[in-house]
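Some notes on the structure that comes next.
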Amino acid sequence: MDKAMYIGMTGATQAMKAQTIQANNLANASTTGFRADLMQATYEEVSSPAFDSRVYNRLLENGTDFSSGSMVQTDNELDIAIAGDGFIAVLAPDGGEAYTRAGDFQINAFGELLTGSGLPVLGNAGPIAIPPNQKIEIGSDGTISVLEQGQGAEAITAFERIKLVNPDLAEVVKGEDGLIRRTDGIDALPDAAVRVQSGFLESSNVNVVDAMVDMISLTRNYEMNVKLIQTVEENSEVSARLLQVR
C-alpha cells in the first residue's frame, strides 16, 4: 500500500477532530461566559536514512481562546460579569477549586449561592450561603451586601466577598467540563484588582460567522484528504493490473 494513503488518513483525521471542536463551539455560542476551544496540530517529518520524504499531521493538546465576550445587561441583582481579566472561583464537582466567567448566579432553597450550572460560588472562607433577605447588592469588588428581612434600607451590610482570581493564563487549562483550573493544582489567591459589573452577564466569545467559515473550510479539507486516499487506491489498483499483464 502506498504510504501516501497514510498522509491522507492523518489529514482527514485531524480535520474530523477540528470539526468536532468547532461544532462544540457553535453549540455553546449562547452559553454564558463560554471560552472557545482551539484545535492545535503540527507537522511531523518521517525520518529516513536517505531523506525525509513525507510529512504527517500530529494532534496537540487543545488550546483555549481567553478573549472576552460582550457584556449583556440583565438588570438582575444576582448577575455579574467580570470587567477585564479574571475569574470567579467555584467549587467543582470533584471537590476542588475551579474558575469560570459565568456569573449567572442563583440562590437555592438552602441559601447557597450557585452558578447557573449549579456549582457553589466560593467566598474567601468557602462556599457562600446567603441569609434570608429582602435585597442583595454585589459591589464592583465582589462584596455581597444584604438587607435582612424586616430591616430598613439603612441596615444593608456587607456580608461576604466573592473570591475573584486572576491567575497567569499560561498556568491554567480548560477541562472537558468547561471549567478553568491551574495546571499545578494549587488554588489561586484572591486578586483585589479584579472587578465585576452587577446586572450584566458576559456572553460566549464564540464568533458564529468565523466558526461557520471554519466548518466549511474543514469540510473541504476533509474531502480533499479523502480524495487523496481514493486516488492512491485507484493508482494501486491500476498498477496491480499492469503487473498482471503478460
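FYI, it's all coordinate maths here, none of it is from the lab. This structure is a prediction, so every number in the text was calculated from the model and none was measured. Heads up, the Cβs are rebuilt from the backbone with ideal geometry, glycines too, and the neighbour counts pull from every protein chain shown.
In whole percents, the pair-distance distribution calculated for the range 198-246 from its alpha-carbon pairs, binned every 5 Å from zero, is 4, 16, 11, 11, 10, 9, 9, 7, 6, 5, 4, 3, 2, 2, 1, 1, 0. Note on residue 177/residue 140: beta-carbon distance plugged into 1/(1 + (r/R0)^6) with R0 of 25 Å gives a FRET efficiency of 0.30. Rounded to whole Å, the principal axis extents of the Cα atoms in the range 60-205 read 58, 30, 26, largest first.
With respect to the chain, whose longest principal axis is taken over its alpha-carbon atoms, helix 4-27 is tilted by about 20°. At a Förster distance of 51 Å, what's the computed FRET efficiency of residue 41 paired with residue 193, Cβ-Cβ distance as r, to 0.05? Computed FRET efficiency for residue 41 and residue 193: 0.90.
Which of 235, 25, 221 moves the most in a Gaussian network model of the chain with Cα springs under 10 Å? Of the options given, 235 has the highest mean-square fluctuation. The count of lysine pairs in the chain whose Cα atoms are under 24 Å apart, excluding pairs fewer than 8 places apart on the same chain, comes to 6. Each stretch of four or more DSSP H residues adds -39500 (n - 2.57); spread over every residue of the chain, this sum gives -9000 deg cm²/dmol at 222 nm. Between the range 161-185 and the range 75-142, the C-alpha centres lie 16 angstrom from each other.
Where in the range 160-207 are there GluC sites (Glu not before Pro) that are in a DSSP coil and have at most 12 other Cβ atoms within 10 angstrom of their Cβ? Display every interim value, and only then the final one.
Values: sites: 160, 171, 176, 202; in loops: 176.
For GluC sites (Glu not before Pro) across the range 160-207 that sit outside H, G, I, E and B with at most 12 neighbouring Cβ atoms in 10 Å, the list reads 176.
Looking at the range 77-127, the GluC sites (Glu not before Pro) that sit in a DSSP loop and have at most 15 other Cβ atoms within 10 Å of their own Cβ are 77.
Between residue 68 and residue 217, the modelled label-to-label distance comes to 2.6 nm, taking each label 7 Å out from Cα in the direction of the beta carbon.
If R0 is taken as 30 Å, the Cβ-Cβ distance between residue 124 and residue 75 corresponds to a FRET efficiency of 0.65. Kirkwood-type hydrodynamic radius, the chain: 21.4 Å, calculated from all non-identical alpha-carbon pairs. Helix 208-244 and the long axis of the chain differ in direction by around 20°, with both axes built from C-alpha atoms. Distance distribution P(r), the range 138-241, all Cα-Cα pairs, bin width 5 angstrom from 0: 2, 9, 9, 10, 11, 10, 9, 8, 7, 6, 5, 4, 3, 3, 2, 1, 1, 1, 0 percent. Over the range 1-124, the Kirkwood radius and the radius of gyration, each from Cα atoms, give a ratio Rg/Rh of 1.19.
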